[in-house]
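Enquirer: What follows is a structure written as structure tokens; I'll ask about it next.
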Amino acid sequence: MLVATTPDQPAPPESAPTARPRWWRPRLPATAVYLLGLIAVSAVFSVLSDSAQTRMVLHASTNLQNLLEGRIGTLLASAFVIGDVVGSWVIIPLLACLLALAELRFGALRLVRVFLAGHIGATLFVAAGLWVGVEAGWVPASIRWAEDVGVSYGAMALIGALVAALPYRWRAAWSTLWSIVAVEGVLIEQTFTQVGHLVALLIGTVVGFCMIWARTTTRRRLTRVESALLAVSVVLAAILLMG
């Protein structure tokens, strides 16, 4: 038997079309954008003369002189200049793995926040220490013009924050091991860069534990791809702290 329907009966809802990924919308947008910027700057840097490279590094450097002159833009520009032609093409692929892992686990926004917190926080801490040292006569005044560029502070902050992505039983060992290595680097090298690495690592570690306590990060296990990215990230951290 047929059942009649009234004219005003609503039609059954149609299923929403499945959204197709766009080639210009990468799955890891923050990682992709930053890497493209690094590659572009490194490519330009590699074709410059030695004197032009020096001027570029000093212009983007977050050294004490630039910061005292109010050149706050160097806090961002310095993160795009590695300053070593050969080293940049080694660091960038390793950094890509660290960025990808952090973005997969934390998301793009948290990745940017952690990186900037480590990069800017450590830079300002080091600058403040150098200013006190110069004013007190503990370090030579020439250090005001020292070159200070690169990705290492932001990278070390991400290394510290990865404690939030690890299984519970690994967390204490991860944070303790890298803290020991960073402190050892300060004691052996005795440079402000190593101090910055330690400060950035501590900043990232604190942020990582805050994410754990706030339960704002995924609690799933690391996939095989993420485990591989973690292994490469360990290599990068070792190069930055002991290289």
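The values are calculated or read from the model by the stated rules, or taken from the named source; none is laboratory data. In this text, all values refer to a predicted model and were calculated from it rather than measured experimentally. FYI the Cβ positions are ideal-geometry reconstructions off the backbone, even for glycines, and counts take in every protein chain you see. These area figures cover heavy atoms from the full protein model, side chains too; ligands, DNA and RNA do not enter into them. Shrake-Rupley method; radii C 1.70, N 1.55, O 1.52, S 1.80 Å.
Enquirer: Suppose we keep only residues that are aliphatic (A, V, I, L, M) and buried (at least 23 other Cβ atoms within 10 Å of the Cβ) within region 97-125. Which one would you say is nearest to Asn63 (Cα to Cα)? Full working, then the answer.
Expert: Pass one, region 97-125, residues aliphatic (A, V, I, L, M): 98-102, 104, 108-109, 111-112, 114, 116-117, 120, 122, 124.
Of the ones still in play, those that are also buried (at least 23 other Cβ atoms within 10 Å of the Cβ) are 98-99, 101-102, 111, 114, 122.
Details: Leu98: 26, Leu99: 25, Leu101: 30, Ala102: 28, Leu111: 25, Val114: 22, Ala122: 12 Å.
Among them, the one singled out is Ala122.
Enquirer: Just one of Ala238, Ala155, Ala161 is among the hydrophobic types (A, V, I, L, M, F, W, C), touching a residue at least 12 places away in the same chain (Cβ under 8 Å) and open to solvent by 10 Å² or more (accessible area, probe 1.4 Å); which is it? Let's see the steps before the verdict.
Expert: Details: Ala155 fails: open to solvent by 10 Å² or more (accessible area, probe 1.4 Å); Ala161 fails: open to solvent by 10 Å² or more (accessible area, probe 1.4 Å).
The unique qualifying residue is Ala238.
Enquirer: Right, next: Under the condition of being of a type in the set (Gly, Ala, Ser) and under 21 Å from Trp178 (Cβ atoms), which residue from region 204-225 is farthest from the chain's Cα centre (by Cα)?
Expert: Initially, region 204-225 is screened for residues of a type in the set (Gly, Ala, Ser), giving 204, 208, 214.
Narrowing the set further to residues that are under 21 Å from Trp178 (Cβ atoms) leaves 204, 208.
Details: Gly204: 10, Gly208: 13 Å.
My answer is Gly208.
Enquirer: If I ask for residues that are part of a helix (DSSP H, G or I) and either touching a residue at least 24 places away in the same chain (Cβ under 8 Å) or in contact with a Phe, Trp or Tyr (Cβ under 7 Å, 6 or more places away or on another chain) (or both), which ones from region 125-150 would you list? Step through it out loud before you land on a result.
Expert: Here is the first cut: in region 125-150, the residues part of a helix (DSSP H, G or I) are 125-136, 141-145.
Phe125, Val126, Ala127, Gly129, Leu130, Trp131, Val134, Ile143, Arg144, Trp145, listed by residue number.
Enquirer: Would region 56-65 turn up any residue that is part of a helix (DSSP H, G or I), surrounded by fewer than 12 Cβ atoms within 10 Å (Cβ to Cβ) and within 22 Å of the chain's Cα centre (by Cα)? Don't jump to the end; show me each part of the working.
Expert: Residues of region 56-65 part of a helix (DSSP H, G or I): 56-60, 64-65.
The next check asks that each one be surrounded by fewer than 12 Cβ atoms within 10 Å (Cβ to Cβ); those that pass are none.
The answer is no; no qualifying residue exists.
Enquirer: Quickly run through region 48-89 and pick out the residues that are β-branched (Val, Ile, Thr), without any contact (Cβ under 8 Å) to a residue 40 or more places away in the chain and touching a helix residue (DSSP H, G or I) at 6+ places or on another chain (Cβ under 8 Å).
Expert: From region 48-89, those β-branched (Val, Ile, Thr) are 54, 57, 62, 72, 74, 81-82, 85-86; that's our starting set.
Retained after the next criterion (residues that are without any contact (Cβ under 8 Å) to a residue 40 or more places away in the chain): 54, 72, 74, 86.
Within region 48-89, Thr74 is the sole residue that qualifies.
Enquirer: Let me ask something additional. Looking at the structure I just gave you, is Glu103 more than 26 Å from Ser46 (Cα to Cα) and under 18 Å from the mean Cα position of the chain (by Cα)? Lay out the reasoning, then the answer.
Expert: Values: more than 26 Å from Ser46 (Cα to Cα): yes; under 18 Å from the mean Cα position of the chain (by Cα): yes.
Answer is yes for this residue.
Enquirer: Shifting gears a bit: Restricting the search to region 66-80, which residues are open to solvent by less than 50 Å² (accessible area, probe 1.4 Å), under 22 Å from Ala40 (Cβ atoms) and among the hydrophobic types (A, V, I, L, M, F, W, C)?
Expert: Leu75, Ala77, Ala79 - these are the residues of region 66-80 that are open to solvent by less than 50 Å² (accessible area, probe 1.4 Å), under 22 Å from Ala40 (Cβ atoms) and among the hydrophobic types (A, V, I, L, M, F, W, C).
Enquirer: Next up: Which of (1) at pLDDT below 95; (2) over 30 Å from Ser227 (Cβ atoms); (3) open to solvent by 50 Å² or more (accessible area, probe 1.4 Å); (4) not β-branched (Val, Ile, Thr) does Phe192 not meet, given it meets every other one?
Expert: All conditions pass for Phe192, except number (3).
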